[in-house]
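Working notes for the structure below.
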Amino acid sequence: MNAISGDAFLVASSIKVLVIFTMLMVLIALWTLVERRVCGFIQNRLGPNRVGPLGLLQPAADGLKNFFKEETLPPFADRGLFMLAPMMAFVPALLTFAIIPMAAPVPTPWGLVGTEIADLPVGFLFILAVSSLGVYGIALAGWSSNNKYALLGGLRAAAQMISYEIAMGLSLVALLVLSGNITLNAIVAQQQASHTWYIVPLFVAFFLFLVSAFAETNRLPFDLPEAEAELVAGYHTEYSAMKFSMFYIAEYSNMVTASALITTLFLGGWDIPFTQWDNAAPWTLGKTFATFAAFWSKTLFFMFLYVWVRWTLPRFRFDQLMDLGWKVMLPVALVYVMVIATVVAVLEVAAVRIGPLYMWILGAVNLVIAVLFFWVFDRRRLIGGAGGSRARRVWRAEAERTIAAEHDAALERAAQGD
Amino acid sequence: MAITVKTVRRPVDDTSYVRATLKGLSLTFKHLFQKKWTMQYPEEKDAHQGWQISPRWRGTHRMAVDENGKAKCVACGLCPQVCPSNCIKLIPGEDEQGNRYPLVFEIDEFRCIFCGYCQEVCPEEAIHVGVHYENSEYSRSGFVYDLERLMKQSHPVSTLWDPADPKGQ
């Protein structure tokens, strides 16, 4: 079946925009609830469970409340930018989701319809470009509020997002070297064809991307822009009602996009593991639904990871954040790109075809890098630990003293012998 | 002046961020499935996990009733006398046999500070503070309890603190 074209394409695209936008908004709304409930569970509480069954109507209640709240506009704020900032955060956050393929193509009487809104040839470059526009919204929100806490939040957001964008981009260079393509559909297809998800041959890139995705979305442990304990509420201190809500939606939408992107780039997108029937034509609705479920189960796992990590790790200090970004992530990503490029070149010379073997060779290289990385990163102790090593150090010091004493005694004996 | 950050010299060998992170994650994950301590208030109330309120709790008042269904109060006037917040209004009356009884007995629960002196001072053990905490009303006037209302209350009464038995055994 051919891809859809002409007027039908226009209609199909409009429908997709509506469906995906609605889906995204509902997911974001529900995820605010999931966040609060998981938080409750982790703290041995129940979380909000009163509005509707399991508290499912809580997001609706929150949304309604925010619509009816007063829109505050501080007299000292820069009026125009103050109004503009939430939109500038909101729009790019939603825009990035447009190119992520969520399932196998849908067969219709008019032709094959892709499950992404737009299959852009620039692929993930579009996501990197648009998601970095989001920082304008946050920085301008901080600036236009004319409030020192908001300004500090905005400054931090700008510094943090620019720093981690580099590590994020560089980790994707490795992926680009391997896949030779940047459209997300092609990347998914390659992962399916080689029977290996890119998390295996590019584990370090995956890890770097994951960490910078946390930083890019301003989630804990990198939520310095809104650091409640230090900056009141950071860049959205002066905002209320729906303008505040828009920042919130933008944050969660970024989270969804980041999770979906990690899934697509490193976990095979909508690929169902260990089977091949879902990867090839003829496309059926059944395949679409199955792959849709596969995609969302992976994505929801990462979204859960966001929440899980949030309620586990404390916030970084700003200098630690910058250290991690510039002194650890950036050099590691740079070296990693070189290593992967070399290995790919060598494999090409050795005429190893892209397939499981190729991937597992790269996987082994990654394992070595990962071990080295964690060794240095973790102060020369991989999964060693806080507990046992002190005793070991005491024991080693004692052993060294004994050896030194014996050495001295031997020297003395030698001197007397002479 | 440059801002300097105080760095703590930690024993490098004893520091492991990877391990600490993994440990933290597994700990929080375990907590997901642990027993929840939330008391779902209106449904569960104080029967939940032994969260009963203390028998010494001093809540809104209750007037004890004798076997004829009349208030035990003899309108001696001790409780309005001892009340530090002056919230008890008592107008005594006397019947044909010369027995005193309260014509009017009102307690303004908004003025009351729930010290329990009225219960302590009462020679007839008539007025009590109660082990009770759900007192909402739609109007402020609803908080002036008259004699009839005080007699109708059925919640347990406070056992107050006894200096001879400070731990309540």
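The values are calculated or read from the model by the stated rules, or taken from the named source; none is laboratory data. The structure displayed is predicted, hence computed values, not measured ones. With ideal geometry, Cβ positions are generated from the backbone for all residues, glycine too; neighbour counts draw on all protein chains shown. SASA here: full protein model, heavy atoms, side chains in, ligands and nucleic acids out. Shrake-Rupley method; radii C 1.70, N 1.55, O 1.52, S 1.80 Å.
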Consider B:PRO55 carefully, then state whether it is touching a residue at least 40 places away in the same chain (Cβ under 8 Å) and more than 30 Å from A:ARG37 (Cβ to Cβ).
yes
Among the candidates A:GLY40, A:GLY55, which residue alone is within 14 Å of chain B (Cβ to nearest Cβ), small (Gly, Ala, Ser) and within 27 Å of the chain's Cα centre (by Cα)?
A:GLY40
Identify all residues within segment B:115-136 that are open to solvent by less than 70 Å² (accessible area, probe 1.4 Å) and not aliphatic (A, V, I, L, M); write none if there are none.
B:CYS115, B:GLY116, B:CYS118, B:GLN119, B:CYS122, B:HIS128, B:GLY130, B:HIS132, B:ASN135
Quick check, is A:THR263 closer than 24 Å to A:PRO107 by Cα, in contact with a Ser or Thr (Cβ under 6 Å, 6 or more places away or on another chain) and either within 14 Å of another protein chain (Cβ to nearest Cβ) or in a helix (DSSP H, G or I) (or both)?
yes
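To keep it simple, each residue is scored yes or no on (1) over 25 Å from A:LEU128 (Cβ atoms); (2) touching a His at 6+ places or on another chain (Cβ under 7 Å); (3) touching a residue at least 60 places away in the same chain (Cβ under 8 Å); (4) surrounded by fewer than 22 Cβ atoms within 10 Å (Cβ to Cβ).
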site: A:ASN254; (1), (2), (3), (4): no, no, yes, no
site: A:ILE262; (1), (2), (3), (4): no, no, no, yes
site: A:THR284; (1), (2), (3), (4): yes, no, yes, yes
site: A:TRP311; (1), (2), (3), (4): yes, no, yes, yes
site: A:PHE316; (1), (2), (3), (4): no, no, yes, yes
site: A:GLY325; (1), (2), (3), (4): no, no, yes, no
Of all residues in segment A:264-279, how many are of a type in the set (Val, Ile, Thr) and crowded, with 22+ Cβ neighbours inside 10 Å?
1
Suppose we keep only residues that are charged (D, E, K, R) and within 14 Å of chain A (Cβ to nearest Cβ) within segment B:20-73. Which one would you say is least open to solvent (accessible area, probe 1.4 Å)?
B:LYS36
Residue identified as closer than 29 Å to B:LEU25 by Cβ and at pLDDT below 85 among A:HIS236, A:HIS195
A:HIS236
Look through A:VAL106, A:VAL91, A:VAL11 and report the one residue that is surrounded by fewer than 19 Cβ atoms within 10 Å (Cβ to Cβ), away from chain B (no Cβ under 14 Å), hydrophobic (A, V, I, L, M, F, W, C) and farther than 22 Å from A:PHE244 by Cα.
A:VAL11
Determine if segment B:129-136 includes at least one residue that is over 14 Å from B:MET63 (Cα atoms) and of a type in the set (Asp, Glu).
yes
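Residue-by-condition table, conditions (1) in contact with a Cys (Cβ under 6 Å, 6 or more places away or on another chain); (2) buried (at least 19 other Cβ atoms within 10 Å of the Cβ); (3) farther than 17 Å from A:ALA141 by Cβ:
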residue: A:VAL19; (1), (2), (3): no, no, yes
residue: A:GLY40; (1), (2), (3): no, yes, yes
residue: A:ARG50; (1), (2), (3): no, no, yes
residue: A:LEU56; (1), (2), (3): no, no, yes
residue: A:ASN66; (1), (2), (3): no, no, no
State all residues of segment B:138-165 that are out of contact with any Asp or Glu (no Cβ under 8 Å at 6 or more places or on another chain), open to solvent by less than 70 Å² (accessible area, probe 1.4 Å) and more than 19 Å from B:LEU90 (Cβ to Cβ); if no residue qualifies, say none.
B:SER139, B:GLY142, B:HIS155, B:VAL157, B:SER158, B:ASP165
Qualifying residue in segment A:226-233 (condition: assigned to a helix (DSSP H, G or I), at pLDDT below 90 and open to solvent by less than 10 Å² (accessible area, probe 1.4 Å))
yes
A:GLY169 fails exactly one of (1) outside any helix (DSSP H, G or I); (2) within 18 Å of the chain's Cα centre (by Cα), namely (1)
Taking segment A:286-309 as the search range and keeping residues that are open to solvent by 50 Å² or more (accessible area, probe 1.4 Å) and among the aliphatic types (A, V, I, L, M), which one is farthest from the other protein chains (Cβ to nearest Cβ)?
A:ALA293
Condition met for A:LEU265 (closer than 25 Å to B:LEU25 by Cβ, at pLDDT 85 or above and of a type outside the set (Gly, Ala, Ser))
yes
Can we say B:ILE88 is in contact with a Phe, Trp or Tyr (Cβ under 7 Å, 6 or more places away or on another chain), surrounded by 13 or more Cβ atoms within 10 Å (Cβ to Cβ), aliphatic (A, V, I, L, M) and touching a residue at least 24 places away in the same chain (Cβ under 8 Å)?
no
So, first residue within 17 Å of A:ALA159 (Cβ to Cβ) in segment A:201-222, second residue part of a loop (DSSP other than H, G, I, E, B), Cβ within less than 6 Å, six or more apart or across chains; the pairs are A:PHE214/A:PHE222; A:ALA215/A:PHE222; A:ASN218/A:PRO225; A:PRO221/A:LEU313; A:PRO221/A:ARG315; A:PRO221/A:PHE316
Got at least one residue in segment A:24-35 being surrounded by fewer than 13 Cβ atoms within 10 Å (Cβ to Cβ) and aliphatic (A, V, I, L, M)?
yes
From A:ARG390, A:ARG396, residue being within 14 Å of chain B (Cβ to nearest Cβ), at pLDDT below 65 and part of a helix (DSSP H, G or I):
A:ARG390
Residues within segment A:180-211 that are part of a helix (DSSP H, G or I), within 16 Å of A:ARG353 (Cα to Cα) and open to solvent by 10 Å² or more (accessible area, probe 1.4 Å), tallied
3
B:GLU106 vs. criteria more than 30 Å from B:LYS36 (Cβ to Cβ), outside any loop (DSSP other than H, G, I, E, B), open to solvent by 40 Å² or more (accessible area, probe 1.4 Å) and acidic (Asp, Glu)
yes
Kindly provide the set of residues from segment B:126-150 that are more than 20 Å from B:PRO55 (Cα to Cα) and of a type in the set (A, V, I, L, M, F, W, C), ordered by number.
B:PHE143, B:VAL144, B:LEU147
